[in-house]
Structure formats: C-alpha cells, structure tokens
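S.K.: Below is the structure I would like to discuss, written out as structure tokens.
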Amino acid sequence: MPIRAVAFDVGETLVDETRHWGEWADWMGVTRLTFFAALGSVIERGGHHHAVFQLVQAGFDLDAARRAREATGWTYDFAPSDFYPDALPCLAALKAGGYRVGIAGNQPEAAEDALLAAGARADFVASSTRWGVEKPSPAFFARVAEAAGVSPAQIAYVGDRLDNDVLPARAAGMTAVFIRRGPWAIIQARSENLEQAHVCIESLSELVDILAQKDGH
C-alpha cells in the first residue's frame, strides 16, 4: 500500500535539542558536560528523559522549575536555528510531493505553537500533552493515524528512537523510519532492534527519494 502520510517525531528528528538541554543545565547550576553525561546515562539505561533531572539533583521539581523560569520571562520556544538544516526542506518537499505531513512527539503543548512559529509547516502538529498519551503507547500511534486521516499502513513515522518510535510505529502497522542522529539514536543503534526499522537514514534529505522508491515511483 503506498505511503500517503509522513509523521515526524520532534526532538533530534526535526529539532536539535542541544540548546534546550543546555539551558536546563545552566538553570540547575551544573556544567553542560555534567548534564549531558547524566542524560547519556539515562538513555543507556532506557529511562524516561525526565529522569535526568533527578539524577543531576535528587528531589528536583520539574514543574516548579518550569514555573520559576516562566516567572523570569522564559517561554518554551524553538528558534529557526534549532531545526536541523535538512528538517524544513524535507517537510516542504514532502508536501510538494503530495504527502500529508504531520509532527507528533512527546512534547509539552506549548511545543505545537512554538514549532509553527519557528517555521514548521505541516498538516497537523500535535503533542503528547494535548493528546493525553505518550509514546510508546499504541494509543499515541492510533491518534497519529486519526490525525493523518489515512490507514496506518499508509503512514511512515520518522524518529530517532528505536524504543519510542521504530518499534511502536511498526507494531501499529506503519512504515518505521529510523534516523540515526542525536544521543538516543547513537546509543540505540547498537541494539539488535535496529533490524526492526523498515528504513534507516542518516539525514532527512534522503527521505523523499526513499519513500518514492518504496512506492515504485
């Protein structure tokens, strides 16, 4: 069945999260090297990404910290420079090619407007917070299919994580595309689960041609 829709994860798939994580390190008063090393440890153990805050500082209240940052004028945002160079051109090329394009990841609701404001163009943009369900839950991927308006077999889901993106997308009946970049991908690419990806890419610039080939174009 031909691919008619392509949905993307956010962090390390479309967006380089280095700035966001680095700002949290600064806020917590630890060096960025220390914070990133702790994040790598969490990834290696297969933990939720929020676990890094507890590892760096036991008892850290993330919600309270967000409110404290907001009180100083901070807002959750993406700058155009946060996108990987291949991200926005890929979205545009897919739309020009007639695909329905979506963005859906484990993100706060504020990420939806932030992505649009930074220049992302998609037919739907959704967050786990607004949907009330996180990856890798099957319910998340059911919502992706609902938003895309086509059957799971007609959707390619692109992400940097085997556990949160590739395996559940495949289980949902979608074409699972693994992009090898960012800390999760670099660490998880050593897993035997890599063979579960239908497609493995190093850059989103490869995606349009690969999908066209799969559809026999």
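The values are calculated or read from the model by the stated rules, or taken from the named source; none is laboratory data. Source: prediction; values computed, not measured. Because the Cβ atoms are built from the backbone with ideal geometry, glycine has one as well, and the counts that use them run over all protein chains shown.
S.K.: Let me spell it out: the conditions are (1) touching a Gly at 6+ places or on another chain (Cβ under 9 Å); (2) among the aliphatic types (A, V, I, L, M); (3) touching a residue at least 24 places away in the same chain (Cβ under 8 Å), and A176 meets all of them except one. Which number is the exception?
M.R.: It fails just one condition, (3).
S.K.: Next up: So F36 passes all but one of these: (1) in a helix (DSSP H, G or I); (2) assigned by TED's automatic domain parsing to the domain that holds K135; (3) not aliphatic (A, V, I, L, M). Which condition number does it fail?
M.R.: (2)
S.K.: Kindly indicate the residue of region 155-181 that is assigned to a helix (DSSP H, G or I) and of a type in the set (G, A, S) and also nearest to D9 (Cα to Cα) among those meeting that condition. Outline the logic, then answer.
M.R.: The initial filter retains those residues of region 155-181 that are assigned to a helix (DSSP H, G or I), namely 162-171.
Then drop every residue that is not of a type in the set (G, A, S), which leaves 169, 171.
Working: A169: 11, A171: 16 Å.
Selected residue: A169.
S.K.: Just checking, how many residues over region 184-205 are farther than 26 Å from P89 by Cα and in a loop (DSSP other than H, G, I, E, B)?
M.R.: Matching residues across region 184-205 total 2.
S.K.: Follow-up question, since we're still on this one. Could you grab me the full set of residues in region 3-28 that are of a type outside the set (A, V, I, L, M, F, W, C) and either more than 22 Å from R143 (Cβ to Cβ) or part of a strand (DSSP E or B) (or both)?
M.R.: Quick first cut of region 3-28, residues of a type outside the set (A, V, I, L, M, F, W, C) only: 4, 9, 11-13, 16-20, 22-23, 26.
Those that are of a type outside the set (A, V, I, L, M, F, W, C) and either more than 22 Å from R143 (Cβ to Cβ) or part of a strand (DSSP E or B) (or both): G11, D16, E17, T18, R19, H20, G22, E23, D26.
S.K.: Based on this model, can you work out whether D77 counts as under 30 Å from A145 (Cβ atoms), touching a Gly at 6+ places or on another chain (Cβ under 7 Å) and surrounded by 14 or more Cβ atoms within 10 Å (Cβ to Cβ)? First the steps, then the outcome.
M.R.: Values: under 30 Å from A145 (Cβ atoms): yes; touching a Gly at 6+ places or on another chain (Cβ under 7 Å): no; surrounded by 14 or more Cβ atoms within 10 Å (Cβ to Cβ): yes.
So D77 does not fit the description; no.
S.K.: Under 6 Å by Cβ, and 6 or more places apart or on different chains, what pairs join a residue from region 9-38 that is closer than 17 Å to G159 by Cβ with one that is part of a helix (DSSP H, G or I)?
M.R.: Hits for this filter: D9/D165; E12/G182; L14/A87; V15/D82; D16/D82.
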